1. Looking at (1) in a loop (DSSP other than H, G, I, E, B); (2) among the hydrophobic types (A, V, I, L, M, F, W, C); (3) surrounded by fewer than 22 Cβ atoms within 10 Å (Cβ to Cβ), which one does Ala76 not meet, given that it meets all the others?
2. Return the residues of region 212-235 that are in a helix (DSSP H, G or I) and either out of contact with any Cys (no Cβ under 6 Å at 6 or more places or on another chain) or over 15 Å from Arg263 (Cβ atoms) (or both); say none if nothing qualifies.
3. Can you tell me which residue is nearest to ligand 2 (Cβ to nearest atom) among those in region 104-128 that are aliphatic (A, V, I, L, M), surrounded by fewer than 19 Cβ atoms within 10 Å (Cβ to Cβ) and outside any strand (DSSP E or B)?
4. Residue by residue through region 167-188, note down the ones that are closer than 15 Å to Ile222 by Cβ and among the small types (Gly, Ala, Ser).
5. All but one of (1) within 16 Å of ligand 1 (Cβ to nearest atom); (2) modelled with pLDDT of 95 or more hold for Ala178; state the number of the condition that does not hold.
6. If you go through region 79-103 one residue at a time, how many are away from ligand 1 (no atom under 13 Å from the Cβ), in a loop (DSSP other than H, G, I, E, B) and in contact (Cβ under 8 Å) with a residue 24 or more places away in the chain?
7. May I ask you to say which residue of Ala156, Ala165, Ala137 is away from ligand 1 (no atom under 16 Å from the Cβ), within 24 Å of Val81 (Cβ to Cβ) and either modelled with pLDDT under 95 or surrounded by 24 or more Cβ atoms within 10 Å (Cβ to Cβ) (or both)?
8. Working only within region 1-14, note down all residues that are part of a strand (DSSP E or B) and surrounded by 15 or more Cβ atoms within 10 Å (Cβ to Cβ).
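The values are calculated or read from the model by the stated rules, or taken from the named source; none is laboratory data. For clarity, every value in this text was computed on a predicted model and none was experimentally measured. Virtual Cβ from ideal backbone geometry, glycine too; neighbours counted across all protein chains shown.
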Amino acid sequence: MRGAVFLGDRKVELRSFPDPTPGPGEVVLEMKASGMCGSDLKFYRPPPGAAQAALGLGSMKDPFIAGHEPCGVVVARGPGVAEREAPIGQRVMDHHYAGCGICSHCRVGWSQLCRAGITVYGVTAHGGHADYLKVPARTLVELPEELSFAEGAAVACGTGTAFSALKRMKLCGGDTLAVFGQGPVGLSATVLGVAMGARVIALETSPQRMKLAREFGADAVIDATKEDVVSALKDLTGGVGVDLAIECSSAASARRAAVRCVRTWGTACYVGEGGDVTLDVSPDLLRRQVTLIGSWTFSAMGMKECAEFIAKQRIPLERIFTHRWRLEQADEAYRLFDQQAMGKGVFLF
Ligand SMILES: [Zn+2]
Ligand SMILES: [Zn+2]
C-alpha cells in the first residue's frame, strides 16, 4: 500500500509499505478520508523527530505514516475481535490513541491520558495518510450515516477537539463566545458555537479564514492584525467582556488576550498546542474570578457525541474543507496548508 510520511524539515514523501494484517484485538480499515490537522504542522516543519520529543511522545527512528484524522470502512478483523464489535463494511472513525486498556483513563475512553505510555496513530505509529490503517478494534467509533467520510475525518480530531472544549466550558445558549484563530479547530468552534446558540465573535489574521468564519455564522469578525483585540471585544459587549473565550491559535498574544477579554466570572480555554504565555496572575485571573481551562482532544464517546450533534443539527461541516486532495498530492497539500491561510484539507481515497 501507499503511505505519506513526514521526513522533517517540511518534506513529505509517498512510500510503499506492506499491506497491514490485523493481530489479536486489531482491525484493518480501508481509508476513505484522512484529514489534515493544524497539529500536523508541528511534525511537518521541524527536523526529524524533534516535535515528537518536545511533546513528550517518545523518539522516532523511522518515520511513521502521517495522518491522525482517519475515517474509513472495516475490511479485516484479527483474532478475538467479535463480529458485532467491528462488522465488515461498517463506516467508522478512529479515536486515534491507544493506551494500556486497563487503567481508569483507558476504561472511560480517555486513552490519551494513559500513564503507561500511549500510541498516537499518525505520530508514534502508522496513521491515516495511507490506503489502509491497522488499529485496535476498541478505538473505532461508528460514523453516523448522515455524515460523509470527510466530515468523519474532521470529527476525528479538529472538530471533535472544538466540541469537547466547548462542552468543558459549559457553553449555554445566549452566551457570547470569542474564538481566537479560525484554522480547522477554531472554525469548528465557530460553527459549533453558533449551533449551540452562542453569539460568536471570531478573531483571525488571514482574510480567507475571516471570510469562512462569516460564512459559518460568526456575528462579528475581528482582524487581529489591525485591532487591539481586547478593546474590540469589550466594545462589542458593552464594555463587559465575553462570557467565554477559546484559544486555538497557540500565539502568546492571543492566549493573553483570551484571558483578558472574558468578563468577571468568565471562562477562557486553551486548545492550541505548544509554546507559552505570560499572564499577570492577579489582575488577569484572580481579581476577576476567571476560570482557565486547558483542553486536549476528546474521549472516544465524546467523539461519538460530536458526530451525533453534527448529524442532528444538520451542520454543513463539509464546507469546512476548502481543499480535497489525492494522496499523491501530499507534498503540494502540506506546502499550501503550511501557509495557514486556507480552510481545512482532506485526502480522499
Ligand atoms: Zn491506560
Ligand atoms: Zn489533530
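1. (1)
2. Once the filter is applied, which keeps residues that are in a helix (DSSP H, G or I) and either out of contact with any Cys (no Cβ under 6 Å at 6 or more places or on another chain) or over 15 Å from Arg263 (Cβ atoms) (or both), region 212-235 yields Leu212, Ala213, Arg214, Glu215, Val229, Ser231, Ala232, Lys234, Asp235.
3. Ranking the qualifying residues of region 104-128, first place goes to Leu113.
4. Ala178, Gly181, Gly186
5. (1)
6. So the count comes out to 8.
7. Just a single option satisfies the conditions, and that option is Ala156.
8. Once the filter is applied, which keeps residues that are part of a strand (DSSP E or B) and surrounded by 15 or more Cβ atoms within 10 Å (Cβ to Cβ), region 1-14 yields Arg2, Gly3, Ala4, Val5, Phe6, Gly8, Val12, Leu14.
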